[in-house]
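Single-structure report; data block below.
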Amino acid sequence: MLTSNFLTLNNLGLVKNKHWAIYTTDLFDSRRFSHEISRRVLEEYFPELIDKKGELFSNAILDQLIEEESRHEIFELTEKEIRGIRTYSSGEQKKALLEYLLAKNPDFIILDSPFDNLDKQSQEELKQNLKDLAERLSIIQVLKRKSDMLPFINEVIQIKNDEITFFGSREKFLQQGAGEENFFFKGIIPSPENACEEIPNPLIKFTNVSVKYEDRQIVRGINWEVKNGEFWHLIGPNGSGKTTLLSLLTGDNPKAYGQDLMLFSRKKGSGESVWEVKKNIGYFTPSMTQLFRGRHTLKQMVISGFMDSIGLYQRPSTFQKQLANQWIELCGFSHLKSQPFVKLSKGHQCVTMIIRAMVKHPPLLILDEPSTGLDDYHASMVVALINKIAKESATSIIYVSHRSEPKLKPEFTYELIPGGYGSTGRAHDHRKNLINEM
């Protein structure tokens, strides 16, 4: 996020229809950037923007407004509506934020990773709104993924380690291959600590599963089977029921009771505990990193995966330490293993959390939007790691994301399709190019 100091400096001006991108990495410290070098950057790279007013469009600003609404019942984004902004979908929230900022009549607007957490339809709607907006004011887009660059951007600034490493036209930037990142792991993934018990097959089986909350049907007639070692991509627009399906899988949703749902060879509600279900699942979503705010090192975080604990509070075995070191070495993180987890970049945290989820080789690994907020290099690293796990382990993978990573290699896609009476499902077998309504 770019802070308000970045917006209120007096060295900003306006040339109509000129737009910029600031291409950054996971190591980009926007707060320090805004305080220490923003004036120099503005003077040198944005001379057209002098004494002009700007507004910041970002998830951080949206979160602040949502917090104000929750704590103080200040409904700045929805003053004309009865319901609060928390009840809006991600796309509706960002549309409301844009309208709120534009009501302040800015001369320019800064977009900080505007498409994060949006489904494809919401992304297209926002892109059209921004295209129309670009006709009447200047836009500065802050992005970490080259593919997210808006088509009307004229010039690009690239920042690495708080240093300007490129400034020039969009064409020259694209010609230099920025963002064309490739990552390869040397070696194979470590073996599990214990010999694998016989894994049930199928691992997961939904038979005509439906979920309804009061008068709202979420999913209807879901038939989905996940077998041993399969790699699935779960997709669907915001609100289609992806989170609902995941909560049924992890045992967190009481709506699973009474359904024809088999989890690891046992029918849901047959006497198993939530923890008996969870011990078979490795799970990661970026919001989990907020749970780990202690002084645990990267290595301690990986080891804690053996204990399923938040941090490391039990003495690990010598073999567990060795396995953790092998995973860390595989990822090229040996030089970071004594670093505090909280001080790692988002990319390093993401990879650490994935190998933490995998150290026990669980039957099922669920990855929920794992590449959100990552730059091109670290997203490539995460994709390569997921592909490697899929290829070299017996673990089944369910990968959930709106973003289509070009180099990700799932065997199957399960798509949730919204309808008037809840979402239905459709499976696509990429190996045979077959689509099955389910």
Checklist entry - Using unit Cβ charges (K, R positive; D, E negative) and no other charged atoms, how large, in debye to the nearest 20, is the dipole of segment 204-437 about its Cα centre? => result 600
Checklist entry - What pairs from 18/127; 279/346; 146/212; 391/432; 104/146; 227/343 go past 28 Å between their alpha carbons? => result 146/212; 104/146; 227/343
Item to check | Footprinting exposure proxy for 328, 66 (fewest neighbouring C-beta atoms within 10 Å first) | outcome: 66, 328
Checklist entry - So what is the relative contact order of segment 204-437, in percent, for Cα pairs below 8 Å that sit 6 or more residues apart? => result 28
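None of the figures in this text is laboratory data; all of them are computed from the coordinates on show. Keep in mind that this is a model prediction, so the values were computed, not measured. Reconstructed Cβ throughout: ideal geometry from the backbone, glycine too, with neighbour counts over all protein chains shown.
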